[in-house]
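Only one structure is covered here, and it is reproduced in the block below.
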Amino acid sequence: MSTRTGRPPKISRAEIVAAALRVIEEEGVGGLTMRRLAREVGSTAMAIYHHVRDKEELLLLLLDDYAAGIPRPELPEEPGERMVATATAMREAVSGCAWAVDVLRADDLMSVGALWYPERIVDAAVRAGLTLEEAVDAYRIIWHYTAGEIGGRAAARKRRQEGGDTHRERVFAELDAEEFPRLSEVAGRWEELTARDTYAKGVRAIVNGLLP
């Protein structure tokens, strides 16, 4: 009995984007390849290339789709507060899409929909008295702090979910109180203290330090 072969089923760009998101959520950005995506949609890599040029274009589509669905908050008029509020909104937006941090860190991939955040931060910094070049520096500093904070908290959350003693806990349990008196004093509360959300305090300190 012969096996019937024919053209793979037609797929739409929306189906490809949805499948790519599933792959990323399960395997991370590094796990997304055209071959892996083709298996996910039950088609061929060549069929996918009819819709998207390459992986980078696909990631941009994902970013634009995500950014389009994020509500944009009302911002205060005072430039410093505007920068803080925009940075906080940016952090909340990216925190809901952890894979986006890895994509955006590369800097080569810019989602037009996500440019709302740097535009507001740079503009507020200029209105506060920075030159345009200094304002771009300010945005970059805020972004690196934000991306690092999101990544660090995500890693800590994953470690807590896995359970068991961590290397840090073993180190803190054996601290020499004479050599590390302050750390020894808080060793038993270190996880509790470092789990606190200090983003607002940190980004406010950064903005205050950057503005004239």
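Kindly provide the set of residues from segment 9-21 that are free of Cβ contacts under 8 Å to residues at least 40 places away in the same chain and loosely packed, with under 14 Cβ neighbours inside 10 Å, ordered by number.
Once the filter is applied, which keeps residues that are free of Cβ contacts under 8 Å to residues at least 40 places away in the same chain and loosely packed, with under 14 Cβ neighbours inside 10 Å, segment 9-21 yields PRO9, LYS10, SER12, ALA14.
For the subset of segment 139-153 comprising residues that are of a type outside the set (Ser, Thr, Tyr) and open to solvent by 20 Å² or more (accessible area, probe 1.4 Å), which member is nearest to VAL207 (Cα to Cα)?
ILE141
Report whether or not VAL136 is open to solvent by 30 Å² or more (accessible area, probe 1.4 Å) and either in contact (Cβ under 8 Å) with a residue 60 or more places away in the chain or of a type in the set (Val, Ile, Thr) (or both).
Judged against the criteria, VAL136 is a match.
Would you tally the residues in segment 65-79 being touching a residue at least 12 places away in the same chain (Cβ under 8 Å) and not aliphatic (A, V, I, L, M)?
5
Within segment 26-56, take every residue that is of a type in the set (Ser, Thr, Tyr) and within 14 Å of GLU15 (Cα to Cα) and give me the one that is least open to solvent (accessible area, probe 1.4 Å).
Only one residue fits best here, namely SER43.
Among the residues of segment 40-81, what is the count of those that are more than 18 Å from ILE121 (Cβ to Cβ) and among the acidic types (Asp, Glu)?
Final tally of qualifying residues: 6.
Cβ-Cβ under 6 Å, sequence separation 6+ or interchain: first residue in segment 80-96 and within 12 Å of VAL207 (Cα to Cα), partner aliphatic (A, V, I, L, M) and not in a helix (DSSP H, G or I). Which pairs?
Hits for this filter: GLY80/LEU211; ARG82/LEU75; ALA85/LEU75.
The values are calculated or read from the model by the stated rules, or taken from the named source; none is laboratory data. Since we're looking at a predicted model, the values are computed, not measured. Heads up, the Cβs are rebuilt from the backbone with ideal geometry, glycines too, and the neighbour counts pull from every protein chain shown. In case anyone asks, the SASA skips ligands and DNA or RNA and just uses the protein heavy atoms, side chains included. Shrake-Rupley method; radii C 1.70, N 1.55, O 1.52, S 1.80 Å.
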